[in-house]
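Read the figures in this text as sums done on the coordinates, not as results from a lab. Treat the numbers as computed from the prediction; the structure is a model and nothing was measured. Backbone-built Cβ (ideal geometry, glycine too); neighbour counts: all protein chains shown.
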Amino acid sequence: MSAGVPLLSRPHLLTVSTLPSFLLEPLNAAYVVHDRLHETDPAAFAKVAADIRAIAGGGESQVPRSLIEQLPALEIISIMGVGYDRVDVAAAKERGISVTHTPGVLNDEVADLAIGLMLSVARRIPQADQYVRTGRWGREGAMPLTRKVSGARLGIVGLGRIGQAIATRAQAFGMSIAYTARSQKPGLAHSFFPTAAALAAQVDFLIVITPGGEGTRHLINADVLKALGPEGYLINVARGSVVDEEALVEALQKGVIAGAALDVFAKEPHPATALWSMDQVVLTPHIASATRQTRQAMADLAAGNLSAHFEGKPLLSPVPECQ
Ligand code: NAP
Ligand code: 8YV
């Protein structure tokens, strides 16, 4: 839908997260946008709910059945993110509502951060930075030695679009690569293991990059961490729900694994405080896709899906359940 559509003919759209200006601006030009109205002003929301034909949100946005049921005219849910684990797709499908997401355009960015986190936790880059800034280098001399990454064994939990982008990068580090997924990928030379525990037992670094949701809840549990072992590192760039965070905290406290680097958490934006003070842990605030370039590409695709829908064209990237 082009910018400058007359106000009266614009479809009504509800946002369900704080969207970046470079998505909100084009949406404001083409739709009547109700920015998180269901959260900020329920009474005003009740008055416009019957007009709302579209929802726009991000990968962490919640679109539960209870919200869908309040929107009788809803036609499409457009997520600016590849993950849509908090959207009730079944409830949407029952009503014939389309759900779209933004796969592919963020593969490089998320894979880059996964490698960055692996290097950070193994080589202790954040701690090294602090070592210089706090004057410890001058007072205490050289830092203790760290763990080599090049040539080590990498396990990838979830060898989809992003998992494969991680594998490509890891190959350049001379790492041996093994993986687990729901099914073995024919034509790929990497070793396949049927479970996360079997994979963890064979690797030095375990990178998690599956979808979230019930299908993967606590896939990384105490048994997997035990299999990874006291020299092993966990890196999670998937969803917090995929890792049993309590089991992880305990494993880190007891030295069951060597360390962890986490971009996602069970409760965002409030990661378990026990993690904050752990020296063998690197934490980032769900930033794997967060560059201007990639977020712009995601915003363009999210807006493109909405335009395609309202122009009667095929959707650019519906979620697999809606294809
Ligand atoms: P994708 O192409 O669909 O790949 C998902 C992979 O996970 C597939 O290999 C799939 O196996 C595997 N998988 C699914 N369920 C599994 C299970 N129960 N056990 C083992 N493996 C399982 O998805 P993608 O584009 O790579 O994105 C993956 C996820 O990354 C997203 O859904 C999102 O949650 C997360 N993500 C996070 C950030 C961030 O900011 N940290 C950014 C982007 C994405 P099969 O191949 O056998 O189906
Ligand atoms: C973003 C993500 O945090 O794509 C995903 O699934 O988790 C991230 O890229 C989010 O979608 C931004 O809206």
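Computed values, structure above
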{"item": "Stokes-Einstein translational diffusion, region 14-53 - Kirkwood Rh over all Cα pairs, 1.002 mPa s, 20 °C, in µm²/s", "result": "203"}
{"item": "Lys/Arg +1, Asp/Glu -1 at C-beta; the chain dipole; positive extreme among A50, A122, P211", "result": "A122"}
{"item": "Gain in span if fully extended, E69 to R136, counting 0.36 nm per residue against the direct Cα distance", "result": "18.3 nm"}
{"item": "Fully extended contour minus Cα-Cα distance, from I125 to F22, at 0.36 nm per residue", "result": "33.8 nm"}
{"item": "Filtered chymotrypsin sites (Phe, Trp or Tyr not before Pro), region 219-305: DSSP coil and at most 14 other beta carbons within 10 Å", "result": "W276"}
{"item": "Nearest-20 debye value, region 107-283 charge dipole, Cβ charges on Lys, Arg, Asp, Glu", "result": "380"}
{"item": "For region 107-283, the fraction of alpha-carbon pairs in successive 5 Å shells from zero, as %", "result": "2, 9, 18, 22, 21, 14, 8, 4, 2, 1, 0"}
{"item": "Ratio of Rg to Rh over the chain (Cα coordinates, Kirkwood Rh, two decimals)", "result": "1.03"}
{"item": "Helical mean residue ellipticity (222 nm; -39500 (n - 2.57) per DSSP H run of 4+; nearest 500) of the chain", "result": "-10000 deg cm²/dmol"}
{"item": "Cα long-axis angle, helix 161-172 against the chain (0 to 90 degrees, to the nearest 10)", "result": "30"}
{"item": "Folded to 0 to 90 degrees: helix 107-123 orientation relative to the chain principal axis, Cα", "result": "30"}
{"item": "Potential lengthening between S176 and S150 on full extension [0.36 nm per residue; Cα-Cα distance subtracted]", "result": "8.4 nm"}
{"item": "Sum of side-chain charges, A274 neighbourhood, beta-carbon under 10 Å (Lys, Arg +1; Asp, Glu -1)", "result": "-3"}
{"item": "Cα-centre dipole for the chain with unit charges at Cβ (Lys and Arg positive, Asp and Glu negative), debye to 20", "result": "680"}
{"item": "Peptides ranked, highest mean first, by Cβ atoms within 10 Å: ranges 246-254, 161-169", "result": "161-169, 246-254"}
{"item": "Local net charge near Y31, Cβ-Cβ under 14 Å (Lys/Arg +1, Asp/Glu -1)", "result": "-3"}
{"item": "Charge dipole (the chain, unit charges on Cβ, about Cα centre) - positive-most of V282, V33, G240", "result": "V282"}
{"item": "Residues in region 251-266 that a label on A222 would reach, taking backbone N under 14 Å of a point 7 Å out along Cα→Cβ", "result": "251-257"}
{"item": "Selection from S78, V256, Q202 lying farthest towards where the dipole of the chain points positive, charges on Cβ", "result": "Q202"}
